[in-house]
Amino acid sequence: MNYARIYSISFAALRDHRLRTLLTMLGVIFGVGAVISMLSIGEGAKREAMEQISILGINNVIVNAREPVEDRGSAQNLARSPGLSLEDGENLAKFTDIVANVVPQRFEAVPNIYHGSEEAAVRVVSTISSFVNSSSIEVERGRFISDIDNEDFSQVCVLGAKAKRALFAFEDPVGKTVRIANYEFTVIGVMADKYIARGKVEGFELKNFNEDVYIPLNTALKKLDRTLGGGSSSRRWWRSSSDEEGLNYNPPTVDQLTITARDLEDVPAVSRLVNRVLERRHHNVEDYEVVVPESLLRQSQKTQRIFNIVMGAIAGISLLVGGIGIMNIMLATVLERTREIGVRRAVGATQMDIMRQFLLEAVLICMIGCALGVALGLLLARVIAYYADWPTVVAWYSIALAVGVSATVGIVFGMYPARKAARLNVIDALRYE
């Protein structure tokens, strides 16, 4: 008997019992749909985390100023620690064999900027020209802050994409002025729009860089008052405490240092260097925190692998249950078609022909169910992305995995009923009513 004939008979048997076939497929349909939708959630979260961390710079080590842990240092050490400062960055920049760049940043207490009657909620960041070398954010129009701007205390600024839209809509802002803390700043550039997802990666809070406005660091040090109201609450801890009881430690000069390693392999060494230098300069006072995006990425990938394994296992249980259901239905089908099997054997069909037919029916049930499950999984991924505002990415390997597992389920759970059908005694099968 040729395979085309076996396929025709198997397909006709399934078609004649449509409802039973559909009910048999349900386990596979939901199992495959669950596999694809769960893996799409995992892949979406993985890619989003990688994008966010890549913005921070995979070669970077980031140092953030924070409130000192007073119970871990004497009052004398607290007073001796300079707080995070430009001198810290200068000391780190001396290790040119592994450090390529050190960028200081200060987050100013200016919650809003203005252009005419338009207002934009922003984060004003004062920094230096090499900021663009340590970040994946690029200038879309105009230019970034230069060394000359810092040397001359120039009142110039570069707008983030969201800040530009809020103040100028579709106008070209380059050459126009905005008001920052009662000073007029000339716009010299606009940063490219960068998708930023709000939230945290492995406990590290992500910022929307599209809302940032960049000004020269020296201009800010000279003209902007750090005691102004407003600004990010996470950056105002030293101001609020000084208003009431006075400081017993030195406030930071800068809020963040970004140290760029020359190569990715140098990141661990740079991280150790940063900790040693700052521990010495700050007299073991913990008034800073060190964040390593490369470590965040590795931890995020590890967490994501665990998530995928758990979700895959849960979805796999659905496929297992579906496979058991297929085997039960196929056993019932063998019993129902016992006389048919006897007739076919009597007219010349071999045991292998019978086995192939029933095995092909089981595989067909799984593969048709797999096709419907893939469609369900794709639909679920879109629904999750739309209603839960959760990024989903359907990877090709998830579909390949679903197809491969479905075929395996069909073969494994269809083998026993097919063997049982093939081994029926011909005489007993012909007598069966």
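Key figures for this structure:
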item	result
Of residues in region 256-289 being hydrophobic (A, V, I, L, M, F, W, C), surrounded by fewer than 22 Cβ atoms within 10 Å (Cβ to Cβ) and over 27 Å from the mean Cα position of the chain (by Cα), the one farthest from residue 77 (Cα to Cα)	273
Scope region 158-172; condition of a type outside the set (D, E, K, R) and in contact (Cβ under 8 Å) with a residue 40 or more places away in the chain; matching residues	158, 159, 160, 161, 163, 166, 167, 168
Enumeration of residues in region 90-107 that are charged (D, E, K, R) and either surrounded by fewer than 15 Cβ atoms within 10 Å (Cβ to Cβ) or more than 29 Å from the chain's Cα centre (by Cα) (or both)	90, 94, 97
Residue ID - nearest to the chain's Cα centre (by Cα), chosen from residues in region 142-152 that are surrounded by 14 or more Cβ atoms within 10 Å (Cβ to Cβ) and not charged (D, E, K, R)	144
Boolean, residue 116 is surrounded by fewer than 15 Cβ atoms within 10 Å (Cβ to Cβ) and either in contact (Cβ under 8 Å) with a residue 12 or more places away in the chain or of a type outside the set (Lys, Arg) (or both)	yes
Odd one out for residue 331, checked against (1) farther than 28 Å from residue 35 by Cβ; (2) touching a residue at least 40 places away in the same chain (Cβ under 8 Å); (3) surrounded by fewer than 21 Cβ atoms within 10 Å (Cβ to Cβ)	(1)
Test result for residue 303, farther than 30 Å from residue 358 by Cβ, at pLDDT 85 or above and within 30 Å of the chain's Cα centre (by Cα)	no
Breaking point among (1) in contact with a Gly (Cβ under 7 Å, 6 or more places away or on another chain); (2) crowded, with 18+ Cβ neighbours inside 10 Å; (3) not acidic (Asp, Glu), for residue 292	(1)
Any hit, region 383-395, residues being closer than 15 Å to residue 28 by Cα, touching a residue at least 12 places away in the same chain (Cβ under 8 Å) and either in contact with a helix residue (DSSP H, G or I) (Cβ under 7 Å, 6 or more places away or on another chain) or among the small types (Gly, Ala, Ser) (or both)	no
Given (1) closer than 30 Å to residue 38 by Cα; (2) touching a residue at least 40 places away in the same chain (Cβ under 8 Å); (3) of a type outside the set (Lys, Arg), number of the condition residue 371 does not satisfy	(2)
Sole residue being modelled with pLDDT of 90 or more and in the same structural domain as residue 267 (by TED's automatic domain parsing), chosen from 90, 118, 70	90
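The values are calculated or read from the model by the stated rules, or taken from the named source; none is laboratory data. Since the structure is predicted, the reported quantities are computational estimates derived from the model, not experimental observations. Counting neighbours? That spans all protein chains shown, and the Cβs are built from the backbone with ideal geometry, glycine included.
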